[in-house]
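Novice: This is the structure I want to talk about, given as structure tokens.
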Amino acid sequence: MGAAAALLMSAGLLTATVAPASAAITIGPACGYKEGVYNVCLTITQVNLTGYDVTVGFDRYMSKADADALLGCPDGSAMFAAMWRDDSAHSGNFRGYVPLRPGSPSSGTNPPGLFADFFQANMFLNRHRDSEKIFAEVTYHDCRNDIWYTYATGSIFV
């Protein structure tokens, strides 16, 4: 009976101390916001040496009627998220688009506004040996006044 208990205890110790073979590293969220107006956040998870899962969340606070009007635009508010490096949205710093998740964008009532989620798996973000500062921008079109609005996240180093 003592040998069986020792065997069970050592088996329990092994399972309790074995770590997973690899663990993804998540960085963020890094957010840009103006209280009561918008919130836009970037979170990345390193999945291999060069690839990152990229998630961008966007909240634009407005009445539900205004959000529904934007979604009713002929271009559906033409919403997109783009990834950039450094501090500028200059063509040489472009890293790619992050597609909308199914069901996004949408309007809501608690809080009222326009909301969207973007996701891209295994995105290549760093083209250099040294770490780079990256950020995302979410842009949408308001067809009622023919104005494009852009909101930037905070920055993350990869």
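Only the coordinates and a few stated rules stand behind these numbers; no lab work does. What you are looking at is a predicted structure, and each value in this text was computed from that prediction instead of being measured. Cβ atoms come from the backbone with ideal geometry, glycine included; neighbour counts cover every protein chain shown.
Novice: Please work out whether the range 38-158 counts as rounded, prolate or oblate from its C-alpha gyration tensor, where a ≥ b ≥ c are the square roots of the eigenvalues and a/c under 1.5 means rounded, while otherwise a/b larger than b/c means prolate and anything else oblate?
Specialist: It is prolate, given that a/c is not under 1.5 and a/b is the larger ratio.
Novice: Work out from phi, with θ = phi - 60° and the Karplus expression 6.51 cos²θ - 1.76 cosθ + 1.60, the ³J(HN,Hα) of each residue of the range 45-57, listed in order in whole Hz, and give x for Gly and Pro.
Specialist: Once rounded to whole Hz, the list reads 10, 6, 9, 7, 4, 10, x, 10, 7, 10, 10, 10, x.
Novice: Distance in nm between label sites at ASP142 and ALA121, each 7 Å beyond Cα in the beta-carbon direction?
Specialist: My value for the distance between the label points is 3.7 nm.
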